[in-house]
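Here's the structure, in structure tokens; my notes come after.
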Amino acid sequence: MYKTMKTNEINLVYEGEVTQEITKTFTSITEKSLEKSQESNTVQRKVFNVMVECLQNISKHADSLDENESERRGIVMVSHGETSYNIITGNVIKNDKVPELKANLEHVNSLDKKGLSELFKKQMREGKISDKGGAGLGFIDIAKKTGSKLTYEFKKLNEEVSFFILTSTIKRN
């Protein structure tokens, strides 16, 4: 397993409940790892900020497989290659949320840098705070910081829920 992780340049893998404490721990570990790698400050900041945003998305929006469970569980993986870092997250989401989430992701991916900035400002002014505390800024912010399209996938688990996978890519140059 160690060799596989080193070969694929996986820096961090976690599966479990995502809380504020877990977020603090991961960001600290990632920050130290990036400092050791002598990555530019700009890339370090982007990786750090995108990771925080992705972890917050899980902690606020993940659903559970079991209705009796209240934990916000997810999977987080950070890897890097010669040209980029990838932050891959995954969590369970109710199937009835998939169409709206997919539409939001498609809309974000359809915008250029200027369009993302305008949408971000509009959401800041007009965005309604959801019952989970979000204003719809997360994906916009990730797309702005990475300068890349958001890659995503929904894997249907059963009639109630799917597994949502989001990949955010940060270029190293």
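The values are calculated or read from the model by the stated rules, or taken from the named source; none is laboratory data. Bear in mind that the values here come from a model prediction, so they are computed numbers and not experimental data. When we count neighbours, we look across all protein chains shown, and the Cβ atoms used for this are built from the backbone with ideal geometry, even at glycine. The area values use the complete protein model at the heavy-atom level, side chains included, leaving out ligands, DNA and RNA. Shrake-Rupley method; radii C 1.70, N 1.55, O 1.52, S 1.80 Å.
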Read through the list (1) open to solvent by less than 80 Å² (accessible area, probe 1.4 Å); (2) touching a residue at least 40 places away in the same chain (Cβ under 8 Å), then give the number of the only condition that residue 83 fails. (1)
So in region 117-149, with the set limited to residues that are modelled with pLDDT of 90 or more and of a type in the set (Lys, Arg), which one is surrounded by the fewest Cβ atoms within 10 Å (Cβ to Cβ)? 149
Where residues in region 150-173 are open to solvent by 80 Å² or more (accessible area, probe 1.4 Å) and more than 21 Å from residue 61 (Cα to Cα), which of them is modelled with the lowest pLDDT? 173
Looking only at region 29-44, and only at residues there that are exposed (fewer than 11 other Cβ atoms within 10 Å of the Cβ) and more than 14 Å from residue 172 (Cβ to Cβ), the one that is farthest from the chain's Cα centre (by Cα): 36
